[in-house]
Each structure stands twice: as C-alpha cells, then as structure tokens.
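Below is one structure, written out as structure tokens; the observations come after it.
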C-alpha cells in the first residue's frame, strides 16, 4: 500500500487538531474528554497519534489502551505506573475504584492522557470506568482521547466531553494528500482516484497503489441485494427510497445486506459500514452490471438533473455517435457541482472523440481550464499542449491561455506576454480577452519577477481610460508602474475598483484589488481584501485561483508584523498545496515559514526546514529564489554570521545591480544594510545599492523610504546621514505601516550610535524597536534588542507588565470582543478575518493571559 509522508495525514485537519490542542490546554481546569467519530479509514488513528505527540511535548504521561487485544484499562494503567497486574477486582464497582486510584496516583506525577482507539459495542464497561474517573477527579489534569466509527459507541456523555466529527477531507486536502504519495497517479487516473475515494485517506492510498482487489469480493448475496449495493456504490445518493426504486429492490433485499454487516440504514439513509466495501461492490461488478447500474440511476432521475447527464455518460462508448456531446454534458454536470477534476476528465474524453481539430481544440482547452482551476498543473500543461497540436488559431490559443491562470504562476511572464502580443496584432472578437490576458500576465510577472517582462508589459499597455482601469486590468497597470498609480488614478481607497460586484466577478475583484494594493504599497487594503478573497477561496475549495494569493497574503502579514495571523495563513495554505514538496508554491510557502520561525526565535526548526528545502534542488521562479535567499540571510544574521547574511542579501541583486525580482529585491535593502554594518562591508554594499537604485523601476513612496534608509545607514560618518535617518524614523505612520522594516532600521542605526558611544541617542531608538518586536511576537529580534539595551545601561522591564499588554494590537482587539460576549463568527466579521483565524488567535491568547476559559477574559481585559 502507498505510504503517506510523515505528518501529511493531518493535511486538512486543522479544525480537528485544534480540538485536540484545546482539550489538552483546557485540562488545566479539570478532566477533558474528546471523542472523535468518523468512518473507517478517515484518519482518526492518525489524529490520535498526533494528539499523543502533542501531549508528550507538553509533559503528559500517555496511557495507550489497545482495546480488543486482551488488554484492559486497568492493566494499561498499572503498566504505566510500573505496578504488577495482580488480580482483577471481581465487581464493577471495585474495578472502577481500582482504576480511579491508579489514575489519581499517576496524576501526582503530572498530567495524564488516556487513549482509546476503535471503541466498539463491547467497550461499554471501559467507557463507564473512564466516566467514573473523570467525574471523581475534578482537580486532576486528565485528558481522554477516544475514537469510534459510531457516535452511539460513546454512550452517554457529560459536560466535560466534546464530540468531534471527523468528516471526509475536502477536495483540495484530498488532492494534496494524494500528491504527497511517491506513486501518486496523474491526469484522468488521478481524478478517478479522488472521485472514488471521496475524501477517505485510507481509500486514497489503496486506490493510488491499486491494492483494492481488482476482482473484488464475493459477498454471497442474493441477486437483488447485490444489485441494490451496486447501485448504492455507483452514486453519492444515500436516500433509501431512491436507491430501492433505482435498483428495483425492496426492504427485504436491504435487510439481507444489513444482517450481513455491510450497510446501515438510519433515518432512511443507506450507508456502507466500511468505505472499502463500497469500492469492492463497485469494482468487483462486471462492466455490463456497472453500466446497468448507471442506466438505472439515470432513468430514475428527472430530465435536466445534473446527475442524470453524469450517469448517462457512463453508458456511452467512445465510438458511439454523439459521444463527445454526452461527455461534455457530463462535464457540465460535474462542474456545476464543484467537481472540476471530474469535469476535466470528461472533457478530455470528449476531445478524444471529437470529429475535427477545431472541436477537439475547444474541448481540450475547456479541459485544461477545469484542471487548472482544480490545481492540477501537470495535467493542465499536458492538455494545453494537446490543444496546441490541434489548433493554430491565435484567438483560440489566447482564449485558452487566459483561462489558465494557475499554470502561468511561477513561470516566466513571457509565457503569457507572447500570446498577448500576437493577439494584439489581430483584434479579437471578445473585447474582454485582452483584459483577462493582461491580468494573467501581471500575475505571472509578479510570481516570477523578471524586470525585462515588466518593460514588455509596459509597452503593451494602452493609455488608460480617463476613469482608470477596470478590476481586470488594475493589477497590470500597477505592476507596469507601481509608483505611478496614485498620480495617475488617485488614492486606491477612493477608486471605483472598491465598488462591490456579484458572483465570481466579486471574487475576481477582491483578488485584483488585493494584489494591486500590495504592489502599490497600500498594506491596509491589501490585508483586508486578501482576507476576504482567501475566505471566498476556502469556501469554494478552489486552489487553482489562489496559488499566488496564498504567497502574497503571507507576505502582507509578515510585512505588517502580524506573525500570529501569518502562522495561521501558512497553516491553512498547506491544505491548498498538499504534500508534493516539489510544487513551486510549496517551495515559496516553505521559505516564508522559515522567515516566520526565525522571527519567533525557533532557529533550529528554521535551519532544518531550510536545509530540507535546499535538498529539494533548485527552482526556476525568481520569487521563490528571492524568498529562499531572504530566509538564508535572516537565519545567518540570527545566528551571528553577519558576513553570510550580507552575502545572501546581496544575491537579491546581480553584479550589475539588476534586481533578481523587480519588486521583491527592494524589500531587503534595509536588512542588507544592517548586515553590512555588522561586518564592516559598508563601502562594498553601498556601491551595489547605488547602482541597483538606478536599475530598479521608479519606487513607491514606501520603497523610496527603504532605499533612503539603507543608504543613510551605510554612511554613518556622513554629517548629513544622522539628520536623514532622524527624518526617516520620524516619518508619520511608518512604524505602523511597515513595522518590522522600521524597527530593523531603528535597531541598526541605534547599534551604530552605540558603537560610537552615543548612548543617549541610541536608547530611545532601541526602546521603540523593542516595543515593535514584542508586539509583533518577533521574539528573537526582541531578545537581540534587549541585549543591546543592557549594553547602554537600560534594563528592560521583565514580567512586571500586565499580561494583556504583551498581546499584539489585533490580539487585544479580539480579546476585548470575546470578553464582550461576541462569538468567533461575529468577531471575524468585525475584524475582517476568518472564524478559524479567530480560533487560532484565542488559542494563542489564553496561555499568554494565564487563563483557560473564555469566561475568564472579562476579568483580565477589565484589569488591563
């Protein structure tokens, strides 16, 4: 069977992992029980193992009780306590008292975690013992993690028990998990595996390695019962009445399957007791029987029902007349239900059946677009190449290229600029096509960053209309001339681009405004719009439109000093990018995660991740290369190797001063200057930066601040350098809009003043930098500034401040709203972030404030 990479089984399980962390954390207030419920193979055991690892990291003693293996709860507890098993008490009450005494004894050593996996009907007494213990040890730190396929198996629950359903993985998480396998399938076969597995990790691995028996199993059922199970396995419909009607069966036939332990019928819904049984029922059937099942299902549905077209297509052979039309209708049905990969598979079949090249090219183009929206880059490119072999029409090529937004990301911008140039030579019938290609070209240039492509884009853009660009072209105009945006179109917050639209147009507008705001350095709008756009993407599970957005949104948060939210964004992004470590967007996010770890002071983990990324080999994307260089430079600086840091930051520019990435290279000039100061390489770096400054595009006001600050830092002995730095550090709102860069500049300049024994001037700068780093949660930077403050005669305050003041401004706002009684959803709406992000912040806030319950917030906030 295919094996999942270590840790990958938790992909898409952020909510469930959060519940485990909450149970462990809340146990400081008394025993907690978390019950995981879900079908076989859904990942409950993996979650339990992860819970064990988390608990051990927090000092819990773990008692793993392997039920059904001849072991008892008491026996496992005695073994953990190092006591002989002895005689088992003869009465239930005596047995429960014995369990209670051992648990109480273990709790005196520290917190205890009891793990019960695969609870079944025969484990009622064990559960009774657990409830007996948790009710009678209210002051002990005990956590019980248990899992079962059935909610009923848990029996009666009390206030300390939380039921946590473990549903199938989302489409994006399932795809990411599958891609992490060493033998992951591709293209149409990948789509088939994902459809048949229905989000079950166990089935994903079995199907990917073809370890589901091809001949299936002979369940020895009557013909009518076997037909009913085949019909049920061939559809996602679970209404018993509809299934019986389609199969021509009755309740007696269903009862046979129930008695055989194959299905369950609850509230008129038929479900397979094990997902593998469903697969075997379908795959074991003869092709003719499967076709008959799909025919029955299609016949039972009314005309126009999407699933009718889907099942009808299963009856069509590629050589049949009208096969292409039938497959395309099925693709439309799949696309209408959010099944992009299934739609791509059907469109690929339709293209293979097409009678002429023109029709085949159209269908391959549609298939490529669906695969692209679903995030299957390799398949998209294959379908795109097959489309090119069937059509030389520049309009067809351009129209398809405009639909392939994800494949263009992290590849040279010329891959889009070329078809755009050809298209402009022959005006298209679709006036919106040029706008879509311009938008795509801008995103491609952003994700790669070749300065030459920026020049080409600038040449392709017509003079803007008097009222400014529409949301489709706004990003292109911003990328072509970031500094000229405000002068040409006015402030972004007053732009018509801020007017809401409807449907998918609104999602596109959110993405466009967010990206435009980031490029023109309006960080407030960028953060707000990316939060809203990413929430939309999560709800739609549409990875394909968010590959670049996940990376840029994380940059926005890192630049704004919102490290906790950046950690949550990176955590959510793993569901989009999956387990394939070679994926370019995964490499980008990994580099950003290293930067986050460095700022938080987790240097060993950062170094390990950076080494792991280096072992994955080189990457072509200029953006990813920049992010890796930045991470390497920051890690070197954090570990005291300032010379290596200076060298890494310098590589963001070529020997002639040309930027590696037209926009990003400018974002490290202050870090570069600080490293040069620490190594005495000011003259060398100043020469590079002066040349580089003439090679980059006209910078925005914010980037101009960075250039001036870097050059002023590199000339500390210049009589004018001091006043220039003082003026730059006094710039209004600089500390709030780009806090990390601002505090880095403060600390570097203060260090130079400290070296010159100008302590009085250095102290206020260091105090200000420390405040910014502490509020952002940049623990390593804060520790470094504290050491410098001690060297100038200032001992930073220790733990005397109220804990509330240690929270970031955003955390303080969330804490106040929660203390006022608002729900996570209400807080999310008020702060413009996702409810899940609110939960993440609260998990961070509680330990910082020394509390365990939401109800305790009011007292802490009021005291502050």
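The values are calculated or read from the model by the stated rules, or taken from the named source; none is laboratory data. Since the structure is predicted, the reported quantities are computational estimates derived from the model, not experimental observations. With ideal geometry, Cβ positions are generated from the backbone for all residues, glycine too; neighbour counts draw on all protein chains shown.
Overview of values
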{"quantity": "Within segment 562-595, considering residues that are assigned to a loop (DSSP other than H, G, I, E, B) and modelled with pLDDT under 85, the one nearest to residue 374 (Cα to Cα)", "calculated": "578"}
{"quantity": "Residue selected from segment 110-137 under the condition in contact with a helix residue (DSSP H, G or I) (Cβ under 9 Å, 6 or more places away or on another chain) and over 17 Å from residue 35 (Cα atoms), by the criterion surrounded by the most Cβ atoms within 10 Å (Cβ to Cβ)", "calculated": "111"}
{"quantity": "Of the criteria (1) farther than 27 Å from residue 339 by Cα; (2) touching a strand residue (DSSP E or B) at 6+ places or on another chain (Cβ under 7 Å); (3) buried (at least 18 other Cβ atoms within 10 Å of the Cβ), which one residue 278 fails", "calculated": "(1)"}
{"quantity": "Every residue from segment 632-677 that is buried (at least 20 other Cβ atoms within 10 Å of the Cβ), touching a strand residue (DSSP E or B) at 6+ places or on another chain (Cβ under 8 Å) and farther than 15 Å from residue 710 by Cα", "calculated": "659"}
{"quantity": "From 137, 100, residue being farther than 26 Å from residue 14 by Cα and free of Cβ contacts under 8 Å to residues at least 40 places away in the same chain", "calculated": "100"}
{"quantity": "Complete set of residues in segment 55-64 that are within 25 Å of the chain's Cα centre (by Cα) and modelled with pLDDT of 90 or more", "calculated": "55"}
{"quantity": "Those helices (runs of 4 or more DSSP H) lying entirely in segment 664-739 with at least 2 residues farther than 20 Å from residue 599 by Cβ", "calculated": "669-679, 682-695, 701-713, 721-729"}
{"quantity": "Flag if residue 503 is in contact (Cβ under 8 Å) with a residue 40 or more places away in the chain and surrounded by fewer than 18 Cβ atoms within 10 Å (Cβ to Cβ)", "calculated": "no"}
{"quantity": "Residues that are without any contact (Cβ under 8 Å) to a residue 24 or more places away in the chain and under 11 Å from residue 349 (Cα atoms), drawn from segment 327-339", "calculated": "330"}
{"quantity": "Residue list for segment 471-489, restricted to those being at pLDDT below 85 and closer than 23 Å to residue 502 by Cβ", "calculated": "471, 472, 473"}
{"quantity": "Residue that is surrounded by the fewest Cβ atoms within 10 Å (Cβ to Cβ), among those in segment 295-318 that are touching a helix residue (DSSP H, G or I) at 6+ places or on another chain (Cβ under 8 Å) and part of a loop (DSSP other than H, G, I, E, B)", "calculated": "302"}
{"quantity": "Test for residue 163: is it under 36 Å from the mean Cα position of the chain (by Cα) and without any contact (Cβ under 8 Å) to a residue 60 or more places away in the chain", "calculated": "no"}
{"quantity": "Scope segment 507-526; condition farther than 24 Å from residue 741 by Cα and either part of a loop (DSSP other than H, G, I, E, B) or over 22 Å from the mean Cα position of the chain (by Cα) (or both); matching residues", "calculated": "none"}
{"quantity": "Residues satisfying the stated conditions in segment 65-91, i.e. closer than 24 Å to residue 19 by Cβ and either at pLDDT 90 or above or part of a loop (DSSP other than H, G, I, E, B) (or both)", "calculated": "66, 67"}
{"quantity": "Selection from segment 655-665 of residues that are at pLDDT below 90 and on the phi < 0 side of the Ramachandran plot", "calculated": "655, 656"}
{"quantity": "Hits in segment 813-838 (condition: surrounded by 21 or more Cβ atoms within 10 Å (Cβ to Cβ) and touching a residue at least 60 places away in the same chain (Cβ under 8 Å))", "calculated": "833, 834, 837"}
{"quantity": "Residue 723 surrounded by fewer than 17 Cβ atoms within 10 Å (Cβ to Cβ) and modelled with pLDDT of 80 or more", "calculated": "yes"}
{"quantity": "Residue in segment 343-352 that is without any contact (Cβ under 8 Å) to a residue 24 or more places away in the chain, part of a helix (DSSP H, G or I) and buried (at least 21 other Cβ atoms within 10 Å of the Cβ) present", "calculated": "yes"}
